[in-house]
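Report on the structure given below.
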Amino acid sequence: MSNHRWDLDKVKIGLDKFYREFGRYPTATEFENYPHLPSARQMQRRFGGIVQLRETLGLEGPFDLTKGEYSSQKGQGH
């Protein structure tokens with residue numbers, strides 16, 4: 001989907017699909033590897049980054065997965 005023209009509706013559909021599959025929203029690395037979402041770099045250019053995109057779409061947090069409980073669990077191998 002690299003030549004895909006991404007707008008908010010299409011990204012929201014991809015995020016919803018990811019959420020249904022995994023029970024959470026993707027990290028930047030997962031954006032790179034999930035075929036139904038644009039790259040994290042595209043997110044930054046078009047929507048101001050993943051955190052801003054999640055806030056714009058009104059998705060439930062945490063918005064910044066590099067901080068807080070998710071990050072500390074990830075660092076502990078959970």
(request) Considering (1) in contact (Cβ under 8 Å) with a residue 40 or more places away in the chain; (2) touching a helix residue (DSSP H, G or I) at 6+ places or on another chain (Cβ under 8 Å), say which one residue 46 fails and leave the rest. (result) (2)
(request) Pull up the range 1-11, narrow it to residues that are farther than 16 Å from residue 49 by Cβ and surrounded by 11 or more Cβ atoms within 10 Å (Cβ to Cβ), then point me to the one that is modelled with the highest pLDDT. (result) 10
(request) Starting from residues that are under 17 Å from residue 17 (Cβ atoms) and in a loop (DSSP other than H, G, I, E, B), keep the ones in the range 37-57 and report whichever is modelled with the lowest pLDDT. (result) 39
(message) Against the condition at negative phi, in contact with a Pro (Cβ under 7 Å, 6 or more places away or on another chain) and modelled with pLDDT of 85 or more, how does residue 34 come out, does it pass?
(response) yes
(request) May I ask you to list pairs of residues, at least six apart or on different chains, whose Cβ atoms are under 8 Å apart, with the first in the range 16-36 being farther than 12 Å from residue 54 by Cβ and the second being polar (S, T, N, Q)? (result) 32/39
(message) Restricting to the range 18-32, and then to whatever is under 11 Å from the mean Cα position of the chain (by Cα) and either among the aliphatic types (A, V, I, L, M) or in a helix (DSSP H, G or I) (or both), can you tell me which residue is surrounded by the fewest Cβ atoms within 10 Å (Cβ to Cβ)?
(response) 29
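The values are calculated or read from the model by the stated rules, or taken from the named source; none is laboratory data. The shown structure was predicted, so the numbers you read here are calculated from the model rather than taken from an experiment. Glycine gets a Cβ as well: all are built from the backbone with ideal geometry, and neighbour counts include every protein chain shown.
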